[in-house]
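Please treat every number below as a calculation from the coordinates, not as lab data. Predicted model, so just to flag it, every value in this text is computed and none were measured. Don't worry about glycine lacking a Cβ; one is built from the backbone with ideal geometry, like all the others, and counts go over all protein chains shown.
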Number of protein chains: 2
Amino acid sequence: MSSYDAWIMSLGTEVVQGRVLNTNASYLGRRLTLLGFRVVGILSLIDDVDIIARYITVVLRDRPRVIVTTGGLGPTYDDRTLEAVAKALNRKLALSYDALNMVKRKYEARNMPLTEERIKMAYLPDGSIAIPNPVGTAPGCWIEVENAIMISLPGVPQEMEAMWESWVEPRLRLIGPSVYIAEILMKIVGVPESSLAPIVKGVLREAPAELYIKSHPKGEELGKPVIELYIMCSSREKEKAMTTAENTASKIMSIIKTEFKASVEVLTRGVV
Amino acid sequence: MSSYDAWIMSLGTEVVQGRVLNTNASYLGRRLTLLGFRVVGILSLIDDVDIIARYITVVLRDRPRVIVTTGGLGPTYDDRTLEAVAKALNRKLALSYDALNMVKRKYEARNMPLTEERIKMAYLPDGSIAIPNPVGTAPGCWIEVENAIMISLPGVPQEMEAMWESWVEPRLRLIGPSVYIAEILMKIVGVPESSLAPIVKGVLREAPAELYIKSHPKGEELGKPVIELYIMCSSREKEKAMTTAENTASKIMSIIKTEFKASVEVLTRGVV
């Protein structure tokens, strides 16, 4: 296991029942990858404290560096993520005065009283840091356990993204590997995926481990197969990331043009 | 654990890295729920045979009735789902003559030869049934192990959905519980989620276990909070499903109208 492994847990019955498209997971998968983490898995679970706690324990056994949960921090009866996190980490839920202040200020600003349901949002696992929520009311939660960092964020995308960008990501940048990611997306028309497969395999055989290639069949155009080929390279050196990706793209393009009467077009390229 | 538990595994590095939105999982989550299965989890994993095999083993230990995997059945070097399934089940991959025939016919129709990469798609775990793919080339795979059924389908949504609807679902209908699902979606303007929470909690306290309620905050309209409230009820009797859902909706609507100056509107209602 790499020491920069990451897991995402998207909690909520509405996700597993397919009533909500899991855009939070793809957002986080993208951001964590760009920070240089290797995202190993995304796990969505129903709102069941025991099941969630058990799977947190299973995932922690793989010793990831980061686990990010989304969902289940709100005031409703089925918002029980932190209860599950506390159970998995063998800690108690305790009233966090930082979190309580955050919640209190939100409702005071709207002239609304602090009810039992609202105070519930300020109970965090013992030893955690409250993450301010600039958009909604439920605070997030950052807990360090041995080598892992457990981060819990709300499920509402605007709240989750605002907390990630303003608070979580700046801290993870200090912890994760600092890398550049070069990406090239090409569109190939006229080569079936099964003919492209041995070409990609050959190129990868001689490529560094930081290179990643994936073909996505996109149907047909005028009876010819269309494939989008995605090339990604990560490196601590900006130039190296881009050069490796560029060289790989040229190599594949020249093989395709020689062996097939196919058209190749670069859709996007860039380094971040 | 209920004996109608289901898991979905969406395999592919492109999913965990957030380059693809996992629409397959929400499609399957929806279909399985409507068939009466309790979808417990959705797990996406990177293209790593050992990790995939290990997590299949973990999930199987929970004794679900069905596990559906998508992705990793194609001709490319990283399409290794069936290798992982075989490993987890302690079976060998063997050439399936049914699957080979399916693959052969597809390529013959296009006047293309059977290469090593194409024949690879016909290797299935020992004892499995090949599922025909009416849209693409990679066959799917149905394996019965003790109490669980493992179903592997391709990751291309059109292929996966065609195979699900024409082949998989008719068979699962015979195995799953036969239920009706009634659903009501309401839009509530003017009640904050934290005020709605105790109302929902109260209603659920007296409701049957087959009733499910979830609130989704949808921002604000003219400064007032907007919530979509989803009520679902499953039952073996069609009328009972709808009546329970309707009664629950009326109960919540009358409390909201009495306690708040809020507007409530039914967006959709139906039984399937």
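Annotations
- For region B:180-271, the Rg and Dmax computed from alpha carbons only, in angstrom: 12.8, 42
- Local electrostatic count, B:ALA6, Cβ distance below 13 Å [Lys/Arg +1, Asp/Glu -1]: +2
- The label point for B:GLU239 and the one for A:SER3, both projected 7 Å from the Cα toward the Cβ, are 6.8 nm apart.
- Each Cα pair under 8 Å and six or more residues apart adds its sequence gap; the mean of these over the residue count of region A:156-255 is a relative contact order of 34 percent.
- Helix B:23-34 axis, angle to chain B major axis (alpha carbon atoms, nearest 10°): 70
- The fraction of Cα-Cα pairs per 20 angstrom bin, counted from 0 for the protein assembly as shown, comes to 21, 51, 26, 2 percent, rounded to whole percents.
- If only the Cβ of Lys and Arg carry +1 and only the Cβ of Asp and Glu carry -1, the dipole of the protein assembly as shown around its Cα centre is close to 40 debye.
- Cα-only radius of gyration and Dmax that characterise region B:26-152, units Å: 14.9, 46
- Highest mean first, the peptides B:162-174, B:7-19 sorted by other C-beta atoms within 10 Å per residue fall in the order B:7-19, B:162-174.
- Between 0 and 90°, nearest 10: helix B:238-259 axis offset from chain B longest Cα axis: 40
- Using every pair of distinct Cα positions in region B:87-228, the Kirkwood expression returns a hydrodynamic radius of 19.5 angstrom.
- Inter-site label distance for B:GLU165 and B:VAL271 at 7 Å from Cα along Cβ, in nm: 2.5
- Dipole magnitude (debye, nearest 20) for region A:43-125, charges at Cβ of Lys, Arg, Asp, Glu: 360
- Residue mean of other protein chain beta carbons inside 10 Å, A:52-59: 2
- For chain B, the longest principal axis of the alpha carbon atoms and the long axis of helix B:193-205 meet at an angle near 80°.
- Projected-area average for chain B over all orientations - Cα convex hull basis, square nanometres: 16.8
- The base-10 log of I(q)/I(0) for region B:67-141, evaluated at q = 0.19 Å⁻¹, reads -0.72 [Debye formula, identical scatterers on Cα atoms, solvent excluded].
- Student exercise, region B:69-178 dipole from Lys, Arg, Asp, Glu Cβ charges, in Debye to nearest 20: 220
- Surrounding net charge for B:VAL103, when Lys and Arg each add one and Asp and Glu each subtract one, Cβ distance under 14 Å: -1
- Whole-Å distance, taken between Cα centres, linking region A:6-85 and region B:46-76: 18
- Of the beta bridges in region A:7-166, as assigned by DSSP with both residues counted there, near 45 percent are antiparallel.
- Rounded to whole Å, sorted largest first: equivalent-ellipsoid semi-axes of region B:1-88, Cα gyration tensor: 22, 16, 10
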